[in-house]
Each structure stands twice: as structure tokens, then as C-alpha cells.
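S.K.: Here's a structure for you.
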């Protein structure tokens with residue numbers, strides 16, 4: 001069946017608009033700290049609260065097989081509206097630290113109906129070339145994640161509420177675009193009933209487990225790196241007093257350049273294989289973690305920024321490929337559930353790594369702490385290698 005040329009661009013644009021909710025709080029962290037009297041360690045806690053909301057949301061969505069039992073476009077639309085509402089609630093002047101944490105939690109909760117459901121919609125349309133399609137989709141997530149940093153740089157003298165107004169407006173537009181232009185895909189096989197044993201069934205496959213464990217290792221590094229990009233830049237500037245960085249703008253580019261890597265990775269996967277490109281990307285990002293302390297010592301800020309841009313590319317390039325492997329090795333009637341539960345576990349891991357680095361940062365200002373981000377990629381590489389050698393023997 002021919003798929004209309006507008007389908008993938010609309011899914012990508014909708015995903016980009018809606019995922020701008022993710023780091024909206026991070027983009028204005030200094031203003032939130034000042035306006036509501038928050039502690040400096042609030043960065044890690046607010047980021048983790050979004051992740052925690054996403055984890056709970058994806059777990060509930062997976063347990064109830066929401067994306068497989070109901071129209072994915074409708075789920076996407078409802079979650080986009082609710083996520084936008086909780087995101088914009090931060091501008092309420094009566095907010096406390098507790099209420100901001102609650103609003104960020106529910107923003108993350110409803111992102112569970114946006115990111116994995118967007119991938120499910122793409123999988124329903126593109127069985128062939130799914131890696132390339134998800135490359136564009138995750139690229140949109142990356143740009144959406146980076147957008148608040150750019151908005152902060154562009155707002156000039158405008159109040160910090162501007163960032164929240166724009167990201168919430170984008171989310172509403174993205175939800176409307178999805179429900180009004182993207183019907184259920186031709187390859188969708190809806191699950192007709194609630195199956196509480198779906199998750200154990202999904203994890204029985206060896207190839208599925210290898211893809212999932214590779215993804216989990218990747219996630220240990222990814223969001224901790226993204227959350228602490230401004231901190232990494234600040235550390236370098238403090239170690240080299242002659243350096244002056246525009247941290248919000250550089251943060252946007254370091255995170256946002258990953259969108260290019262996702263697209264390139266998708267095309268490269270068509271040439272040499274999805275699993276191969278995922279393995280290489282995870283290996284390179286692991287290498288970046290391991291050598292990061294050395295780069296802080298480099299006197300040239302150009303070299304340091306080039307290194308961060310490279311790290312920003314390889315840290316995310318494997319994400320759509322792991323999602324492709326997950327979708328390809330899951331039962332066809334449970335693709336949505338598979339993508340959602342893997343996301344749920346993966347994002348649970350991000351909370352551990354973010355909080356781990358956040359707590360270490362309270363004890364030491366050493367840049368060596370970022371070497372510990374390599375733990376996840378190392379374990380992910382081992383899982384992929386074991387499956388690879390097992391498959392070769394059989």
C-alpha cells in the first residue's frame with residue numbers, strides 16, 4: 001500500500017512540537033531558581049521528576065496496552081493537550097517547589113502518550129525502512145528537547161514565562177496536527193482485549209531482550225548527558241577563566257546536533273544494517289565518556305566544543321535504531337506495548353544516572369564524574385555482543 005508523502009513529515013513535526021515540553025523547565029532553570037527560591041540542586045530533581053512521570057505513564061500505558069487497543073493518533077492528541085496544560089501551569093505565581101515538581105511529573109506522565117506513541121504510529125505506516133523513519137522521528141525528539149535552550153537565548157528581555165507559553169502552544173498545535181491529518185496506519189493490528197501478561201510475553205524473545213538491554217545501556221548515558229550539558233560547559237569555563245560561553249545557545253547546538261545524527265544513522269543503517277550502526281554508535285559514545293576528563297584539560301575551547309558536538313551526535317544516533325530493533329522483534333499486535341515498556345524501563349534508568357551524577361556533583365566539582373556515564377554503554381555493548389555471538393553459533 002502506498003503511503004501518502006505527508007505522513008512522515010506530519011508525524012515528525014508533531015513529535016518535535018510536543019516533545020519541546022520535555023526540557024522546558026531546564027531551559028529556564030536559573031529563572032525558576034530565582035523566582036521561587038529553589039536550591040541549586042533543583043536541576044537534577046526537576047529533570048528526574050519529568051522522567052519519573054514518564055516512567056509511571058509508560059508503565060501504565062504498557063500495562064493497559066493503550067497504544068494497541070485505542071487509536072494512537074487520538075491518544076497522542078489527548079496527551080498533547082494535557083501535557084501542555086501541566087507545562088504552562090508552572091507560570092502560576094502561587095507555585096511552590098512541591099507544586100512545580102507535581103506539574104513536571106504530570107508533564108512527563110503525558111509525554112508517555114507522545115514519544116512512544118509517535119513511534120508506534122510510524123511503525124504502523126512504515127514496515128520497510130522503519131529505521132530511517134524512526135531516525136527522523138527521534139531527530140524531532142532531539143530538536144524538541146533542545147528547543148527550550150534556544151528559546152531562552154532568543155527571548156532577550158521577554159519574561160521567562162515566554163518559554164513555557166511557546167512550548168505549550170507548540171504541543172497543542174502538534175496534537176491537533178496529528179489527530180486531524182494522520183488516521184490509523186495500514187499495518188496497525190489492534191489488540192482487542194486487555195492482556196496483563198503481554199509484558200512477560202514480549203521479553204521471552206532473545207533478540208528482543210538484546211535490543212532492549214542495548215537501549216537500557218544507552219539510556220543510562222543519554223539523559224544525564226543532556227541534563228548536564230550546561231554544567232559541563234560551566235565546568236570548562238570555570239577551569240579556563242579566559243573562556244566566555246553562551247551556555248544556552250551552545251547547549252541547544254550540542255543537544256540539537258543529535259537530530260542530524262539520528263537521520264544519518266537511519267540512512268546508514270539501510271546500507272550496513274540496523275544492529276551494526278547501533279553497536280558502533282554506542283561504542284563511540286562510550287569512548288566519549290571515558291576520555292571526557294582529558295578534554296576538560298584541553299586549552300582550546302574550539303576543540304572542546306567540537307568534542308561535545310561529536311558526543312552530542314553519537315550519544316543519540318543509536319536511539320531510533322534500538323527502537324527499530326525493539327519493534328521488529330516484538331509480536332506485531334504488541335508493538336505499541338513493547339515500545340512503551342522498553343521506554344518505561346529505559347527512562348527509569350535515566351533517573352538513576354541523573355540523580356547519581358547530581359549527588360556526586362554536591363560532593364565534588366571534579367569533571368571526572370562524567371566518566372561514570374560509560375557504565376551503561378559498556379553493559380549495553382556486552383548484551384549486544386553476547387546476542388551477536390550466540391546468533392553466529394546457531
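The values are calculated or read from the model by the stated rules, or taken from the named source; none is laboratory data. Everything numeric in this text was worked out from a predicted model, so none of it was measured. Neighbour counts run over all protein chains shown; Cβ positions are idealised from the backbone, glycine included.
S.K.: How many residues does the range 347-357 contain that are within 13 Å of the chain's Cα centre (by Cα) and modelled with pLDDT under 90?
M.R.: 4
S.K.: Moving on to the next point. Can you tell me which condition residue 238 does not meet? The list is (1) in contact with a helix residue (DSSP H, G or I) (Cβ under 6 Å, 6 or more places away or on another chain); (2) at pLDDT below 95, and all the others hold.
M.R.: Going through the list (1) in contact with a helix residue (DSSP H, G or I) (Cβ under 6 Å, 6 or more places away or on another chain); (2) at pLDDT below 95, residue 238 breaks only (1).
S.K.: Which count do you get for residues in the range 156-186 that are assigned to a loop (DSSP other than H, G, I, E, B) and either surrounded by fewer than 18 Cβ atoms within 10 Å (Cβ to Cβ) or at pLDDT 80 or above (or both)?
M.R.: The number of residues fulfilling the criteria is 9.
S.K.: So which residues in the range 274-320 are under 23 Å from residue 343 (Cβ atoms) and not in a helix (DSSP H, G or I)?
M.R.: 318
S.K.: On the basis of being more than 16 Å from residue 180 (Cβ to Cβ), assigned to a loop (DSSP other than H, G, I, E, B) and at pLDDT below 90, does residue 113 make the cut?
M.R.: So residue 113 does not fit the description; no.
S.K.: Just one of 71, 20, 30 is without any contact (Cβ under 8 Å) to a residue 60 or more places away in the chain and either touching a helix residue (DSSP H, G or I) at 6+ places or on another chain (Cβ under 8 Å) or surrounded by fewer than 24 Cβ atoms within 10 Å (Cβ to Cβ) (or both); which is it?
M.R.: Details: 71 fails: without any contact (Cβ under 8 Å) to a residue 60 or more places away in the chain; 20 fails: without any contact (Cβ under 8 Å) to a residue 60 or more places away in the chain.
From the options 71, 20, 30, the qualifying one is 30.
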